Amino acid sequence: MNLNQLKIFYLSSKLGSLSAAGRELNITQPAVTKGIQRLQNYYEIKLVNRFGKKMALTDAGEVLYGIAEKIFEMEKQAEESICDFQRQKRGYIQIHASESFGAYYLPNIINPFVKMNPNIHVLASILPTEQVVSNTANLENDIGFLSYPLENNKLVIREVIEDRLEIITPPGHPLARNSSIEPCDLEGRSIIMHEKGSATAMMFEKYMQKNDLSIHIPLEFSSNRAIKLAVEDGIGIGITSHRISEDEIEAGKLSAIPFSDRSMKHKYYLVHHKDKYLSETLQRLIQTADEWSADYTESLSDH
């Protein structure tokens, strides 16, 4: 089988466009058409039906597309494995992390890791969770960290840390005197919320439904920093993981009160491609993450 012709067929089917396949392969559209025709002529079977500019795979085309997808996925994995060896030789790791994890947890992992491995260059990018999942599935990073799990059959996803959620208030707020938060403490309160769809918002929505709570939401933010500033300014109380507000708590800018409901916790996840080659360097990074997570969890139990 001619793999060049197979790739033309695969990309045309995947992208749904002969011209898009041509741009991807840096060839003309007539060359794309000719490549598919030659593949069909060689096997004397129709693979694609054309309806104007639209393409539809025949039954034989569907079968071949599934096989081609596996072949070119393996090709990408082979390239990634070689690149991984090259990066290991150069000492290079690329990490993609969600906003909350990247800003508040990741530095506690990569800073000591880089100190222990001074020849390793770590490039960390903060992205939306959905983008981290997509990039990891496409082998565009070495490892990722998520604020919530998203199913993808190409990925290995496991919990890396569990942090407790807390109500944050200005230091002089009446709730700051509480040792823990009961559902009745929140009835009718003004609460600065995370944007809808975020892990914290979804968890608190379930908490409200379970306890039949009614609250006032004056503001919604996608930024943890914005939520903390709004709470400091007295607009309302807020909800964050302990680590996210730890610096402000120690500085006396905020008070934090844990929920009496011990299930109010935010889990974060480590993710990598299921076929990703985990080099010795990457394994050391994962071990550093697990060790810091264990130490942090132990420190929470002391509070």
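Read-outs: derived from the displayed coordinates by stated rules, not from any lab. Fair warning: this is a prediction, and the values are worked out from it, not measured in the lab. Note: ideal-geometry Cβ built from the backbone for every residue, glycine included; neighbour counts use all protein chains shown.
Loop-resident GluC sites (Glu not before Pro) (DSSP state other than H, G, I, E or B) in the stretch 149-246 with no more than 10 further Cβ atoms inside 10 Å of their Cβ: E151. Proximity of backbone amide H atoms, modeled 1.01 Å from N, is registered between I167 and I257, F259 at under 5 Å, excluding neighbours fewer than 5 places apart on the same chain.
Round to a whole angstrom and tell me the spacing of the C-alpha centers of the stretch 19-68 and the stretch 281-303. Distance between centres, Cα-based: 50 Å.
Taking 0.36 nm per residue of sequence separation and removing the Cα-Cα distance, the N41/N4 pair yields an extension gain of 11.8 nm.
If we count every other residue with Cβ under 12 angstrom of S125's Cβ, Lys/Arg +1 and Asp/Glu -1, where does the sum land? Net of charged neighbours comes to -3. With respect to the chain, whose longest principal axis is taken over its alpha-carbon atoms, helix 199-211 is tilted by about 60°. Extension gain, F72-K154: 0.36 nm per intervening residue step, less the Cα-Cα distance, totals 28.1 nm. Sites listed here are trypsin sites (Lys or Arg not before Pro) in the stretch 90-154 whose DSSP assignment is loop and whose Cβ has at most 15 other Cβ atoms within 10 Å: K154. Taking each of K115/K206; K76/K206; K14/K276 in turn, the alpha-carbon distance tops 32 angstrom for K115/K206; K76/K206. How far, in degrees from 0 to 90, does helix 106-116 lean away from the longest principal axis of the Cα atoms of the chain, to the nearest 10? The angle comes out near 80 degrees. Using the Karplus relation 6.51 cos²θ - 1.76 cosθ + 1.60 with θ = phi - 60°, the per-residue 3J(HN,Hα) values for the stretch 10-25 come to 5, 5, 4, 6, 5, 8, x, 7, 5, 5, 5, 4, x, 5, 5, 9 Hz, with x marking Gly and Pro.
Convex hull volume per residue, computed on the Cα atoms of the stretch 1-62, equals 73 Å³. Ranking N26, L47, I36 by Cα position along the charge dipole of the stretch 3-73, where only Lys, Arg, Asp and Glu carry charges on their C-beta atoms, puts N26 farthest toward the positive end.
F145 sits among other residues whose Cβ lies under 15 Å from its own Cβ, and their net charge, with Lys and Arg +1 and Asp and Glu -1, is -4.
Count Lys and Arg as plus one, Asp and Glu as minus one, and take only other residues whose Cβ is under 14 Å from that of F221; the net charge is then -2.
Taking 0.36 nm per residue of separation and subtracting the Cα-Cα distance, full extension of the segment from T28 to E291 would add 89.4 nm. Under the simplified labelling scheme, the E298-N178 pair shows an inter-label distance of 3.1 nm, with each label point 7 Å from Cα along Cα→Cβ. Does anyone have the angle between helix 29-43 and the longest principal axis of the chain? Alpha-carbon axes, 0 to 90°, nearest 10? Relative to the chain, helix 29-43 is tipped by roughly 70 degrees. Each listed q (0.18, 0.22 Å⁻¹) maps to a log10 I(q)/I(0) for the stretch 163-265, found by the Debye formula over equal Cα scatterers with no solvent: -0.78, -1.26.
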